[in-house]
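The values are calculated or read from the model by the stated rules, or taken from the named source; none is laboratory data. Treat the numbers as computed from the prediction; the structure is a model and nothing was measured. Here the Cβ is made from the backbone with ideal geometry for all residues, glycine too, and neighbour counts use every protein chain on show.
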Amino acid sequence: MSNALYLGDCVEVLSSLPSGIGDLFYVDPPFFSNRNYFANAGKPNQRKIFTDCWVGGLDEYCQWMESLLVQCRRVIKESGSMYLHCDQHASHYVKVLLDKIFGYENFRNEIIWKRQNAHNDWSQGARHFGRIHDVLFFYSASEDYAWNPVFVPYDEHYVERTYRHLENATGRYYALGDLSGPGGASKGNPRFTFLGATRNWRYSQEKMQKLLEAGRIVQTSQDTVPKLKRYLDEMNGTQVQDMWDDIKPVNRGGEKLGYPTQKPCRLLERIISASSNRGDVLIDPLFGSGTSLLTASKLGRRWIGIDSSTYACNLTRRRLERAGVEPVIVQNLDQQVSTQAIDTVRQLSRTRAQ
């Protein structure tokens, strides 16, 4: 099944798509920065890619954003989710639009992505704190949406402090955890005497006995409360929170393409892994360098990408083809290939519904 790569205006293309076909939207629009953006900036072959300048100012920008978000809401499934990427220039205005279109009750997170380290703006005359983060607004279309918790490895100091016990027989490190039932009897935790200690426990007496027989309960002396043995190699790690400071921007290395607003693959990996499943359809209405589409392919998702820049479309096509992905190219909504792509999208939607 082919993926569709559209060259065209995002609102126009979205308007041509059927309703309720997208499982996940990633939207990385202009930020209202009032700047022009160039590929390979500063080099002899630099080329203007897009402008983020608005003659009508903030009102024009918000009107355009609203028209885009209305179409995103129409095309997304009721079980779908959306991440919108922005920064301090207009994030508060965008949040109001998202609340209006997706519903305040469907707001899930404001995620802070630390995209760079501290820099000395003050030395250039700036009179504000350093601006080093972007914002990701995470919304769902309803209460029923895909969610797969994402974990990162524990901090090294936390491991040394917590998983400090070594099981000599196996060479495995472990921590000792509380077996008491949180909330006591009011939460329905059973009360009984176990290894000389009487209290409300996290597990039933039968389960506690099985844990003891399996060597998973430790009592250092007869006067101490039994503890649960938790092996480090069985832990998932720390669940990712709403402050992301562990993903570096695309500054160097093989991933950098010279595209001015390119996002790192790890950022999209986290979003796609958390809020979609294999076979789901990701839609990116402003795909730029194509990071979301490439990452979706690697993670077994299908996708629809839209961009009005010929440069972005060619760059993304080559990037996908190098990864062994052959997209369906749609250059004009009036062409027959457009009909084929839309039929493909409808078939994708029917397949997911079955």
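Would you pick out the residues in the stretch 138-161 that are in a strand (DSSP E or B) and either out of contact with any Lys or Arg (no Cβ under 8 Å at 6 or more places or on another chain) or exposed (fewer than 14 other Cβ atoms within 10 Å of the Cβ) (or both)? Selection gives 151, 152.
Hey, can you tell me all the residues within the stretch 106-137 that are among the polar types (S, T, N, Q) and part of a loop (DSSP other than H, G, I, E, B)?
We begin by selecting, within the stretch 106-137, every residue among the polar types (S, T, N, Q); these are 106, 109, 116-117, 120, 123-124.
Once the filter is applied, which keeps residues that are among the polar types (S, T, N, Q) and part of a loop (DSSP other than H, G, I, E, B), the stretch 106-137 yields 116, 117, 120.
Of the conditions (1) surrounded by 16 or more Cβ atoms within 10 Å (Cβ to Cβ); (2) within 23 Å of residue 158 (Cα to Cα); (3) among the charged types (D, E, K, R), residue 263 satisfies every one except a single condition; which number is it? Here residue 263 clears every test but (2). Is it the case, given these coordinates, that residue 284 is among the acidic types (Asp, Glu), touching a residue at least 12 places away in the same chain (Cβ under 8 Å), under 25 Å from residue 23 (Cβ atoms) and in contact with a strand residue (DSSP E or B) (Cβ under 9 Å, 6 or more places away or on another chain)? The answer is yes for residue 284. For residue 230, all conditions in the list (1) in contact with a helix residue (DSSP H, G or I) (Cβ under 8 Å, 6 or more places away or on another chain); (2) touching a residue at least 40 places away in the same chain (Cβ under 8 Å); (3) of a type outside the set (A, V, I, L, M) hold save one; what is the number of the exception? Evaluating residue 230 over (1) in contact with a helix residue (DSSP H, G or I) (Cβ under 8 Å, 6 or more places away or on another chain); (2) touching a residue at least 40 places away in the same chain (Cβ under 8 Å); (3) of a type outside the set (A, V, I, L, M) leaves (1) as the failure.
Taken as a whole, the stretch 270-289 holds at least one residue that is at pLDDT 95 or above, closer than 30 Å to residue 161 by Cα and of a type outside the set (Gly, Ala, Ser).
Listed by position, the strands (runs of 3 or more DSSP E) contained in the stretch 1-67 that have at least 1 residues being in the same structural domain as residue 136 (by TED's automatic domain parsing), touching a strand residue (DSSP E or B) at 6+ places or on another chain (Cβ under 6 Å) and under 20 Å from residue 97 (Cα atoms) are 22-27. For the stretch 241-271, filtered to residues that are touching a helix residue (DSSP H, G or I) at 6+ places or on another chain (Cβ under 6 Å) and in a helix (DSSP H, G or I), the residue that is nearest to residue 134 (Cα to Cα) is 268.
Scanning the stretch 34-52 for residues that are surrounded by 14 or more Cβ atoms within 10 Å (Cβ to Cβ) and either under 23 Å from residue 8 (Cβ atoms) or in contact with a Ser or Thr (Cβ under 7 Å, 6 or more places away or on another chain) (or both) returns 37, 38, 39, 49, 50, 52.
Against the criterion of being in contact with a helix residue (DSSP H, G or I) (Cβ under 7 Å, 6 or more places away or on another chain) and either outside the structural domain of residue 81 (by TED's automatic domain parsing) or over 30 Å from residue 301 (Cα atoms) (or both), residue 175 qualifies.
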